[in-house]
Structures are given as C-alpha cells and as structure tokens.
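These notes are about the structure you will find just below.
The values are calculated or read from the model by the stated rules, or taken from the named source; none is laboratory data. These figures come from a predicted structure and were not determined experimentally. In this analysis, Cβ positions are derived from the backbone assuming ideal geometry, glycine residues included, and neighbour counts consider all displayed protein chains. Areas reflect the complete protein model, heavy atoms only, side chains present, ligands, DNA and RNA absent. Shrake-Rupley method; radii C 1.70, N 1.55, O 1.52, S 1.80 Å.
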Amino acid sequence: MTEFQIIPRPALSQKQSLNRHGVEIEALRTGTVLQLLGRYAPDAVAVVTEDVLPSGLSLRSFSPGQWFAVGSDPLPEDEMQALALRLKSKADIVDQSHGRVRILLRGFNARRVLAKGTALDLDPRVFPVGASAPTLIGHIGAHVTCVEKDAIELMVLRSFAESLWHDLDQMSLEFS
C-alpha cells in the first residue's frame, strides 16, 4: 500500500497576477484574518477600535458588533493570546486566516471591473479609502475594502476563491 502525504497549499498560490489596461488582479499571500464577534449586553453592543490591535493589523467593519482584523503577515500565537485577553470583555476572536482568501484589484479601472459584479456603490465619494462592506460579487459572498485610492481588496471563503478569480478574469477582459 502506498502512503500519500497531503501538502497544504494556499488557495490561488499558482495564479499569476492578471495585468490588464488600468487594472491588476493579484492573489495576496496568506496573512492574518481574525473575525471579532462583539459581546452583547442587554443595553449595549461592545465596540472594538483599532487601537487595541497589534501593529500590522487593520480593523474592518463587517456588521454591527462584528469586525475583521486583517494583516499581511501571520500573527504569532503569543500575540493572538494577548489580543484575546485584551478583548475578553468586548469580543471573541475566530481565526479565519486559513479559511479566507484575499484578492487585490489595483488600478484606475479596478472599480469599473468590480462594478460589473456587485451592486455596491463603489464611487470614491461613497466608498472612500478605509470603507468596507459585505456584498455579493455575482453569487459569491465577499467582504470588500478600499485599501488605497485605486486599490480594492476582496476577501472570500477559501472554497470560492477559484470561482471569484475566474469571474474577475472575465470581468476584466474588456481592458485587455
């Protein structure tokens, strides 16, 4: 009997960036994605602010009482435990780092490409740098964040990453 060893590989790790006129689509490397679930009291919802996060993580609103803390580098276990202690009275942490994939659309046509697949208003006056929202891109649930003037990060469940990559490829063909 032959033994097989399964070697985990990050989703989209074999994908080369797509470069089209005014838009680049890039699979971001696995970093840190923490879902913060606010604790509810009878008269209030806990609020988490960016000042409690370790350096390198940014806070992104998901829904009332829920946030993502996202960073490009993996968060060491001791820093994760320290964060959990700091947030103990406000929120629970669920590590989503290996269950979510991040894709970056960058360039002056990035919003135009994404607008083909979502009803989210991506006008910079409505969706400025720092804005984030959950939405559908086609049939795929995604969390969208404007990280720079012409750069939007999409975060999806790992099992939908290939499908979203394909959809983004098709939506960007106009700019070939």
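It is to be established whether one or more residues within region 9-16 are open to solvent by 30 Å² or more (accessible area, probe 1.4 Å), modelled with pLDDT under 85, over 22 Å from Asp167 (Cα atoms) and assigned to a loop (DSSP other than H, G, I, E, B). Quick ask: steps written out before the conclusion?
Taking region 9-16 and keeping what is open to solvent by 30 Å² or more (accessible area, probe 1.4 Å), we get 9-10, 13-16.
Retained after the next criterion (residues that are modelled with pLDDT under 85): 9-10, 13.
The next check asks that each one be over 22 Å from Asp167 (Cα atoms); those that pass are none.
No, the conditions are met nowhere in region 9-16.
Counting only residues that are free of Cβ contacts under 8 Å to residues at least 24 places away in the same chain and open to solvent by 70 Å² or more (accessible area, probe 1.4 Å), which one in region 132-149 is nearest to Arg111 (Cα to Cα)?
Among them, the one singled out is Leu136.
Say whether the condition of being within 12 Å of the chain's Cα centre (by Cα) and under 15 Å from Arg60 (Cβ atoms) is met by at least one residue in region 156-176. Walk me through it before giving the result.
First, the residues of region 156-176 that are within 12 Å of the chain's Cα centre (by Cα): 156-158, 161.
Now drop any that are not under 15 Å from Arg60 (Cβ atoms), which leaves 156.
Yes, because at least one residue in region 156-176 is within 12 Å of the chain's Cα centre (by Cα) and under 15 Å from Arg60 (Cβ atoms).
For region 83-103, which residues satisfy the criterion of being among the small types (Gly, Ala, Ser) and in contact (Cβ under 8 Å) with a residue 12 or more places away in the chain?
Narrowing region 83-103 to residues among the small types (Gly, Ala, Ser): 84, 89, 91, 97, 99.
If the condition is that a residue be among the small types (Gly, Ala, Ser) and in contact (Cβ under 8 Å) with a residue 12 or more places away in the chain, then Ser89, Ala91, Ser97, Gly99 are the ones that fit.
Given the conditions (1) closer than 17 Å to Leu28 by Cβ; (2) modelled with pLDDT of 95 or more; (3) touching an Asp or Glu at 6+ places or on another chain (Cβ under 9 Å), which single one is not true for Arg112?
Unmet condition: (1).
Answer yes or no: is there a residue in region 30-37 that is part of a loop (DSSP other than H, G, I, E, B), within 15 Å of Glu153 (Cβ to Cβ), touching a Ser or Thr at 6+ places or on another chain (Cβ under 9 Å) and modelled with pLDDT of 90 or more. Reasoning before the result, please.
Going residue by residue through region 30-37, those that are part of a loop (DSSP other than H, G, I, E, B) are 30-31.
When the remaining residues are screened for being within 15 Å of Glu153 (Cβ to Cβ), the result is 30-31.
Next, only the ones that are touching a Ser or Thr at 6+ places or on another chain (Cβ under 9 Å) stay: 30-31.
Now narrow it down to the ones that are modelled with pLDDT of 90 or more: 31.
Yes - at least one qualifying residue is present in region 30-37.
Exactly one of these conditions fails for Ala91: (1) touching a Pro at 6+ places or on another chain (Cβ under 9 Å); (2) farther than 18 Å from Val23 by Cβ; (3) buried (at least 20 other Cβ atoms within 10 Å of the Cβ). Give me its number.
(1)
So which residues in region 59-82 are assigned to a strand (DSSP E or B) and touching a residue at least 24 places away in the same chain (Cβ under 8 Å), if there are any at all? Break it down stepwise before answering.
First, the residues of region 59-82 that are assigned to a strand (DSSP E or B): 59-63, 66-71.
Arg60, Ser61, Phe62, Ser63, Gln66, Trp67, Phe68, Ala69, Val70, Gly71, listed by residue number.
Residues of region 93-109 being more than 14 Å from the chain's Cα centre (by Cα) and closer than 22 Å to Arg158 by Cα, which ones? Lay out the reasoning, then the answer.
Step one: list which residues in region 93-109 are more than 14 Å from the chain's Cα centre (by Cα), which gives 93-94, 106-109.
The answer is Ile93, Val94, Arg106.
Of the numbered conditions (1) surrounded by 17 or more Cβ atoms within 10 Å (Cβ to Cβ); (2) more than 14 Å from the chain's Cα centre (by Cα); (3) under 30 Å from Ala46 (Cα atoms); (4) not small (Gly, Ala, Ser), Val129 satisfies every one except a single condition; which is it?
It is condition (1) that Val129 fails.
Can you tell me which residue among Arg125, Arg111 is of a type outside the set (Phe, Trp, Tyr) and either free of Cβ contacts under 8 Å to residues at least 40 places away in the same chain or not in a helix (DSSP H, G or I) (or both)?
Numbers: Arg111 fails: either free of Cβ contacts under 8 Å to residues at least 40 places away in the same chain or not in a helix (DSSP H, G or I) (or both).
It is Arg125.
Name the residues in region 150-176 that are out of contact with any Phe, Trp or Tyr (no Cβ under 9 Å at 6 or more places or on another chain), at pLDDT 95 or above and in a loop (DSSP other than H, G, I, E, B), would you?
If the condition is that a residue be out of contact with any Phe, Trp or Tyr (no Cβ under 9 Å at 6 or more places or on another chain), at pLDDT 95 or above and in a loop (DSSP other than H, G, I, E, B), then Ser172 is the only one that fits.
What number goes with the only condition from (1) modelled with pLDDT of 90 or more; (2) open to solvent by 50 Å² or more (accessible area, probe 1.4 Å); (3) of a type in the set (Phe, Trp, Tyr) that Phe4 does not pass?
(1)
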